[in-house]
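Notes follow once the structure below has been shown.
Here, each number is a calculation from the coordinates, and none is a lab measurement. Bear in mind the structure is a predicted one, so any value in this text is a computation, not a measurement. Because the Cβ atoms are built from the backbone with ideal geometry, glycine has one as well, and the counts that use them run over all protein chains shown.
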Amino acid sequence: MEGSDRIGSGSLGNYSLRSDSPASSFLECLEAGPARTVLGHLLDRPHVRTLLAQRETHVPLELVARLLEDVAQAMRGVFERFPESRFLAGHFARSLEATRQGTWRVKIESSTGADSVLEARHVVLALGARQVRTEALESELIPDVRLGDRWAQRVMLSGELLSTEGRLKLRRALERAGSRARIVVIGSSHSAFSSAVTALEVAQGLPLQREAITIAYRNRPRVFYPSPEQARSDGYREFGPEDVCPRTGRLHRLGGLRGDGRELCRASLGLGGLAPDERVRLTALRTFHEQPQVLRELLESATCIVPAFGYRARTLPARDGQGDPIRLGAFGQRRLVDAASRVLDSRGRVVPGLMGIGLASGYLPEGEASFRGHTNGVWLYQNDTGATLLRGIGV
C-alpha cells in the first residue's frame, strides 16, 4: 500500500544531495542472483546506465530515486501475477486494531475518500520518519540555552534545508544578509555535515566570510574508513577496538560519516593532507559550558540555525484486542523496532504481528559496539533488514 502514485522512492528525489553510498550499492539488486531475472531489464535504461558508469562514486539522489521507482514498478508487476497479492497505490493506512484471533485489521482510505478494511496476520510499517520542531526548540544545547529561548524564527530543520525548497529559502536569506551571513549547524551526524555541504553550495558566488559556518557538536564526528590501517595512514587516530565492526573490519561502519559530508569533515580535521575550508569551523558545545554568553552571541548572529537532531519514525494509531490504545514505539530509546524488526510499544514490549522498516526505525545490523544511533540505507533494506523481516513473517 502506498499513499502516492509515485512508488518506491519516497521523498528521496526531493533532496539535491549526493548519496552517502557509491552507486554500486543501489545497483546490486539488479545484478545479483535470482533478482536479475525480474529486474535485469532495467540495466538498459539511460539513467541506470549513468549509474553503472559511476558505480564507484557518490551519485545524485535524483538518479537513485528514479532507479528505486523503476524497481518498485517492476515489483508491482510481479505482485499482479498472483491473485492473492494486491498493490494499492493512492491508499492511506489510518489505524490498526488487533483482533482476538491474533490478526490485525488495517483501516485504509483511498485518495477518493472511500474507506475499507484489510485483515492480515502480519503488518509491516514503512511509513518513513519526521523531524519534530518542538523537540529541536526545547532541547538544551548546554544548560539553560535552548533554541526556543530567542531564536525560533531563525531555525530551519536539517530535513527542510536539504530539500530543493529549503535550498532556495536559504539562498534568499543569505543574499539578504550579504557579508554578515552566518550559519550555525548543530550536530555531528550525516544530516549535520550534509547541511554544511549544502550551505556551501547554496552560498556559491556570495561573500561568505571566514568561519561563517559553525558546526557545533555534542559528540565528536566519526569518520568511516574501510579499515583501521587506512584511518591511521590518513592521520585519523581517534578510535579504539570498540569502533571496529567485527563482521567487516570496517571502522565506524554504522556511525561514520560518508560521502561529501565525510570529505568536509576530513578537511576540517586536517586529515589526508586536505586543506580546511576557512569558511567552516568545528567546535564542541561543551566549550561553551563556562561561557554560555558566547554561545548566545553566536546564535544571535546567525542568519540560519540548523539543528540536526535526528528523526522520529512515523506510526499509526493502534488498539489491542480489548480495544485499548497502544502507543507504538519505544520513544524513550528512540526506537520503533527491536533487533528482529518487531515493533515495540512505549514500554519496549514486542507488539505481536507488527514489523517495521525505514528511517529512524532503530534497527541495527551487526557493526561497531560503540554505535548508539540509527542507521539507514537502501542497501540495508535490501539485505540485512529485508532478510530479518522475511524471517519475522515466516518466509
Q.
Please list, ordered by chain and number, the residues whose modelled amide H lies under 5 Å from the amide H of ARG55; skip anything fewer than 5 residues away on the same chain.
A. none
Q. Just one of [x] 1.01; [y] 0.98; [z] 1.15 is Rg/Rh (Cα atoms, Kirkwood Rh) as worked out from the coordinates here. Which one is it?
A. [y]
Q. In nm, what is the difference between 0.36 nm times the number of residues separating VAL78 and ALA339 and their Cα-Cα distance?
A. 91.0 nm
Q) Just going by the charge dipole of the chain, with Lys and Arg at +1 and Asp and Glu at -1 on Cβ, which of THR99, ALA340, LEU39 is farthest out on the positive end? A) THR99
Q: Estimate the FRET efficiency between ARG105 and ALA152 by the formula 1/(1 + (r/R0)^6), using the beta-carbon distance for r and 56 Å for R0, to the nearest 0.05.
A: 0.85
Q) In debye, nearest 20: dipole of the chain around its Cα centre with unit charges on the Cβ of K, R (+) and D, E (-)? A) 340 debye
Q | Total charge dipole magnitude, the stretch 205-332, about the Cα centre, Cβ charges on Lys, Arg, Asp, Glu only, Debye to nearest 20 | A | 340 debye
Q. How much net charge surrounds ALA313 when only the other residues with a Cβ under 15 Å from the Cβ of ALA313 are counted, with Lys and Arg +1 and Asp and Glu -1?
A. +4
Q) Nearest 20 debye, what's the magnitude of the dipole of the stretch 183-256 about its Cα centre given +1 on Lys and Arg Cβ and -1 on Asp and Glu Cβ? A) 160 debye
Q: State, to one decimal in nm, how far the label point of ARG121 lies from the label point of SER11, with both points 7 Å from Cα in the Cβ direction.
A: 3.5 nm
(Q) Along the Cα→Cβ direction, 7 angstrom out, place labels at SER346 and ARG319. What is the inter-label distance in nm? (A) 1.7 nm
Q.
From the phi angles alone, apply the Karplus equation (6.51, -1.76, 1.60; θ = phi - 60°) to the stretch 96-107 and give each ³J(HN,Hα) in whole Hz, x where the residue is Gly or Pro.
A. 10, 9, 6, 9, 6, 8, x, 9, 10, 9, 9, 7
Q) Among LEU208, HIS374, VAL184, whose Cα lies farthest out toward the positive end of the dipole of the chain, if unit charges sit on the beta carbon of Lys, Arg (+1) and Asp, Glu (-1)? A) VAL184
Q. By the scheme Lys and Arg +1, Asp and Glu -1, what is the net charge of all other residues having a beta-carbon under 15 Å from that of ARG237?
A. -1
Q.
Given the options PHE288, ALA74, LEU17, identify the residue whose Cα lies farthest towards the positive end of the charge dipole of the chain (+1 on Cβ of Lys, Arg; -1 on Cβ of Asp, Glu).
A. PHE288
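Take every DSSP beta bridge whose two residues both sit in the chain, then give the antiparallel share in percent to the nearest 5.
In the chain, approximately 60 percent of DSSP beta bridges are antiparallel ones.
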Q: Just order 161-171, 184-194, 45-55 by mean Cβ neighbour count inside 10 Å, highest at the front, would you?
A: 184-194, 161-171, 45-55
Q: Describe numerically, in nm with one decimal, the distance between label points set 7 Å from Cα along Cα→Cβ at LEU168 and at GLU238.
A: 3.8 nm
Q: Using only Cα atoms, locate the centre of the stretch 45-98 and the centre of the stretch 234-267, then give the distance between them in Å, rounded to an integer.
A: 30 Å
Q | Added length on full extension, which subtracts the Cα-Cα distance from 0.36 nm per residue, HIS47 to ILE393 | A | 121.1 nm
Q: Please check which bits of the stretch 224-267 a label hung off GLU28 would reach, taking the label as a point 7 Å along Cα-to-C-beta and the cut-off as backbone N under 18 Å.
A: 224-227, 245-259
Q | Amide H contacts of TYR225 (H built 1.01 Å from N, under 5 Å, at least 5 apart or other chain) | A | LEU251
Q.
Can you give the FRET efficiency to the nearest 0.05 for THR134 and PHE87, using r as the Cβ-Cβ distance and R₀ = 30 Å?
A. 0.25
Q. What are the residues whose amide H is under 5 Å from the amide H of ARG335, where those residues sit 5 or more places off or on another chain and H is modelled from the backbone?
A. ALA330
Q | 20 Å reach of a label modelled at ARG176, 7 Å along Cα-to-Cβ, counting backbone N of the stretch 300-314 | A | 300-307
**Q.** Cα-based helix-to-principal-axis angle, 164-177 vs the chain, degrees rounded to 10
**A.** 20 degrees
**Q.** Using θ = phi - 60° and Karplus 6.51 cos²θ - 1.76 cosθ + 1.60, couplings along the stretch 353-361 (whole Hz; Gly, Pro as x)
**A.** x, 10, 10, x, 8, x, 3, 6, 5
Q. Once every DSSP H run of n ≥ 4 in the chain is given -39500 (n - 2.57) and the sum is divided by its residues, what mean residue ellipticity at 222 nm do you get, rounded to the nearest 500 deg cm²/dmol?
A. -8500 deg cm²/dmol
